[in-house]
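Before any comments, here is the structure.
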Amino acid sequence: MARYTGPQTKIARKFGEAIFGEDKAFEKRNYPPGQHGMAKRRGKKSEYAIQLMEKQKAKYTYGILEKQFRNLYKKAAAASGVTGEIILQLCEARLDNVVYRMGVAPSRRAARQIVGHRHITVNGEIVNVPSYHLKPGDKVAVREKSKSVEAINSSLANASRVYEWITWNNDTKEGTFVTVPQRLQIPENIKEQLIVELYNK
């Protein structure tokens, strides 16, 4: 499988920020990986290099491969509105991302696994496709047989973040994707306009 499964801290260090969430290893070594990581880098990055880094950061953050990401861009470009913002909205509406946002999983990588292992239902039907696109009003829940899974309960017990565009009921282990989030509501530090400029070259 082509998806990246290597060390997450190494990738976070590459971008200079903890893109996968809280990371103690990153805090200790928040400089680029490699034997020259702490040395001063020569030269200035080109415009293309900056745009490419931003696209790679978005791909790693949401766990999306190049072909999928390009398809998201095409879909966003064809829609009416700000293309960069729509790209992020499409990423946020993915089932694995919403499962992560609801606190069912501690990371998007874990959320992808939980969805793939058939622990999640959408509107009462089991969905095991992490990239499934949710629509406003869709009900996302932990499958009845999976409500006792320790990993899920542990993650829910430690979840503290609340997002305006989703609701979650810890008692029933069910939530709703209320609406597509606006750019200001998306906490990810991604300069989406640079991604659009890169694809427009």
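The values are calculated or read from the model by the stated rules, or taken from the named source; none is laboratory data. Small disclaimer: the values here were computed from a predicted structure and weren't measured. Here the Cβ is made from the backbone with ideal geometry for all residues, glycine too, and neighbour counts use every protein chain on show. Ligands, DNA and RNA are excluded from the accessible area calculation, which covers all protein heavy atoms including side chains. Shrake-Rupley method; radii C 1.70, N 1.55, O 1.52, S 1.80 Å.
Here are the numbers for the structure shown:
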| item | result |
| --- | --- |
| Mean Cα-pair separation over length for the range 59-153, i.e. relative contact order, pairs under 8 Å, 6 or more apart, % | 22 |
| Environment charge at Leu72 (Cβ cut-off 13 Å; Lys +1, Arg +1, Asp -1, Glu -1) | +3 |
| Long pairs among Lys74/Lys135; Lys59/Lys191; Lys55/Lys201; Lys67/Lys147; Lys74/Lys201, criterion Cα-Cα beyond 23 Å | Lys67/Lys147 |
| Highest average packing first - 77-84, 110-117, 128-135, Cβ atoms within 10 Å | 110-117, 128-135, 77-84 |
| Inter-probe distance in nm under a simple model that places probes 7 Å from Cα toward Cβ, at Ser46 and Glu66 | 1.6 |
| Taking the range 102-201 and dividing mean pair separation by its residue count, relative contact order in percent (alpha carbons under 8 Å, at least six apart) | 27 |
| Val178 accessible area, assembled protein chains, probe 1.4 Å, Å² | 70 |
| Net charge of Cβ neighbours under 14 Å - reference Ile195; Lys, Arg +1; Asp, Glu -1 | +2 |
| Cα gyration tensor category, rounded, prolate or oblate, for the range 90-144 with a/c compared to 1.5 | rounded |
| Cβ-derived FRET efficiency at R0 35 Å, Lys201 paired with Asn123, nearest 0.05 | 0.30 |
| Assigned charges on the beta-carbon of Lys, Arg, Asp, Glu; the range 35-130 dipole about Cα centre (debye) | 580 |
